1. Quick check on my filter: what residues within the stretch 53-81 are open to solvent by 50 Å² or more (accessible area, probe 1.4 Å) and modelled with pLDDT under 90?
2. Name the residue that is nearest to Lys73 (Cα to Cα), counting only residues in the stretch 144-169 that are in contact (Cβ under 8 Å) with a residue 12 or more places away in the chain and of a type in the set (A, V, I, L, M).
3. Please specify each residue of the stretch 132-162 satisfying the condition of being assigned to a strand (DSSP E or B) and of a type in the set (Lys, Arg).
4. Ala95 is checked against (1) within 18 Å of the chain's Cα centre (by Cα); (2) at pLDDT below 95 and fails just one. What number does that condition carry?
5. If you check His44, His11, which single one turns out to be open to solvent by 30 Å² or more (accessible area, probe 1.4 Å), modelled with pLDDT of 90 or more and within 19 Å of Glu92 (Cβ to Cβ)?
6. Would you mention how many residues in the stretch 95-131 are in a strand (DSSP E or B) and open to solvent by less than 30 Å² (accessible area, probe 1.4 Å)?
7. For the condition touching a strand residue (DSSP E or B) at 6+ places or on another chain (Cβ under 9 Å), among the aliphatic types (A, V, I, L, M) and open to solvent by 70 Å² or more (accessible area, probe 1.4 Å), what is the one hit in Leu141, Leu176, Leu194, Leu166?
8. Could you please find all residues in the stretch 82-94 being surrounded by fewer than 16 Cβ atoms within 10 Å (Cβ to Cβ) and over 30 Å from His163 (Cα atoms)?
Amino acid sequence: THVGRVAATSHVGRICCPIAGRAHVGGRRRTCMPHVGRVASTSHVGRVCCPVAGHAHVGATLYLSNVRNYIEKDRATDRFVNNDHYRFKGLELNAAKRWRALTVKASYNHQITRDLSPGSEKKQLQYDPVNTLGLQAVYRLPARVSLYGSALYVGHQYYYSIHPPLQKATLPGYMLVNVRLSVHVRPHAVTLFLGSANLFERNDFTSSGDPQ
């Protein structure tokens, strides 16, 4: 077995927020898959997080990643192959608010992808959504019980034909809903839960590539 190695370089920008008096920065982890060549990525990330009144905060993240030898499955041959140069850039907005036992979080991500590989007929990457909107809530009940729910809307995903000539189309948007009831028998040690992922059994589409 030959496992591809990853070389990653990150350049993180610090954005000062006068309300918060502090800034938070982060990056994306890159992984690899077997039977393929070496993957290299360079990421630039800048994040600002600002607390506001009443146990709430808002944040924004700008990111730009250039990935060389991106690993993706070729649907025509059903084999994983390297793609010379992919680019990901976007803006993510998030907010959170806590009311005693209830915590609500919301996020929105707008992402632009490009296939910059020499000779590629593709412009945008397939199955990487342009817009995602998420909402999640946690309600903590007495007796170490909590209720969790989340909804994720995914919109504007491109896909391409498997066989030539190359044709591009857009998938319809969809929403995924998850729910969970948790009982914390021993906090930070043992938790029992009952829930449902993709409650309404919607078909979703994911990119079969690495990094993700």
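The values are calculated or read from the model by the stated rules, or taken from the named source; none is laboratory data. Because the structure is predicted, anything quoted here is derived from the model rather than measured. All Cβ positions, glycine included, derive from the backbone under ideal geometry; neighbour counts span all protein chains shown. Areas reflect the complete protein model, heavy atoms only, side chains present, ligands, DNA and RNA absent. Shrake-Rupley method; radii C 1.70, N 1.55, O 1.52, S 1.80 Å.
1. Ala53, His55, Lys73, Asp74, Arg75, Ala76, Thr77, Asp78, Arg79, Phe80, Val81
2. The extreme case among them is Ile162.
3. Arg140
4. Only one criterion in (1) within 18 Å of the chain's Cα centre (by Cα); (2) at pLDDT below 95 is unmet by Ala95, namely (2).
5. Exactly one residue qualifies, and that residue is His44.
6. Going through the stretch 95-131 one residue at a time, the tally reaches 6.
7. Leu194
8. Scanning the stretch 82-94 gives Leu91, Leu93.
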